[in-house]
1. Which numbered condition in (1) surrounded by 18 or more Cβ atoms within 10 Å (Cβ to Cβ); (2) in contact with a helix residue (DSSP H, G or I) (Cβ under 8 Å, 6 or more places away or on another chain); (3) in contact (Cβ under 8 Å) with a residue 60 or more places away in the chain is the only one that H49 fails?
2. Which of (1) in contact with a Lys or Arg (Cβ under 9 Å, 6 or more places away or on another chain); (2) farther than 16 Å from S12 by Cβ does I63 not meet, given it meets every other one?
3. T102 passes all but one of (1) assigned to a helix (DSSP H, G or I); (2) at pLDDT 85 or above; (3) not aliphatic (A, V, I, L, M); which number fails?
4. Within the stretch 120-148, how many residues are surrounded by 14 or more Cβ atoms within 10 Å (Cβ to Cβ) and outside any helix (DSSP H, G or I)?
5. Among the candidates R79, R97, single out the residue that is modelled with pLDDT under 90 and out of contact with any Lys or Arg (no Cβ under 9 Å at 6 or more places or on another chain).
6. Which strands (runs of 3 or more DSSP E) does the stretch 7-89 wholly contain that include 1 or more residues that are small (G, A, S) and within 15 Å of Q114 (Cα to Cα)?
7. Return the pairs, sorted by first residue and then second, in which the second residue is assigned to a loop (DSSP other than H, G, I, E, B) and among the aliphatic types (A, V, I, L, M), the first residue lies in the stretch 8-20 and is under 16 Å from Q90 (Cα atoms), the beta carbons are less than 6 Å apart, and the residues are 6+ apart or on different chains.
8. What pairs come up if the first residue lies in the stretch 62-84 and is free of Cβ contacts under 8 Å to residues at least 60 places away in the same chain, the second is of a type in the set (S, T, Y), and their beta carbons are under 6 Å apart, counting only those six or more places apart or on different chains?
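The values are calculated or read from the model by the stated rules, or taken from the named source; none is laboratory data. The shown structure was predicted, so the numbers you read here are calculated from the model rather than taken from an experiment. Here the Cβ is made from the backbone with ideal geometry for all residues, glycine too, and neighbour counts use every protein chain on show.
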Amino acid sequence: MTQSASNGPTPSRFVFLSEIPSLPAATKVRFLGCVVDYDSLSGRLLLEHAFPKAAQPGPHALIDVNLILESTPSSVLERGRWVNVIGYVQNAHQGGRKRKATQLHNKDLPVFVQAILMWDAGPLRIADYEATLEEQIQMHRQIERRNK
């Protein structure tokens, strides 16, 4: 058995919500978003995070919470609540919506994520969070460049 082999779960990739559309399906991600809406019939949560600030309209993600609904406090689903999500990026057709081919590349449409864990972010300074995550992403890119 090699050192790179692991029996544990795949680690999640810590990203901004705006990065999710560029990731391949089945990528395990962790991100922060603000609850815009919750549809109790479909078990879907609409999250947004207006970062980067220049992004217009702000990035959105539809989160399927059906797998975790029983263990998720109802307060986490309230509009305006900031939540952390760990889940898997889904293709548009996996998200339960059929889209025309011309719509698949429209960045105004939300991305789909199957949540496997979600919790209240609690009190936070969003600007500090954004700055810290940007620093982590830059360090990760520098390490990747050095290893090439």
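1. Among (1) surrounded by 18 or more Cβ atoms within 10 Å (Cβ to Cβ); (2) in contact with a helix residue (DSSP H, G or I) (Cβ under 8 Å, 6 or more places away or on another chain); (3) in contact (Cβ under 8 Å) with a residue 60 or more places away in the chain, H49 violates only (3).
2. With (1) in contact with a Lys or Arg (Cβ under 9 Å, 6 or more places away or on another chain); (2) farther than 16 Å from S12 by Cβ applied to I63, the lone miss is (2).
3. (2)
4. Adding up the residues that qualify gives 2.
5. Values: R79 fails: modelled with pLDDT under 90.
When all the criteria are applied, what remains is R97.
6. Output list reads 28-39, 60-64.
7. These pairs meet every condition: S18/A55.
8. Close Cβ pairs satisfying both conditions: L77/Y38.
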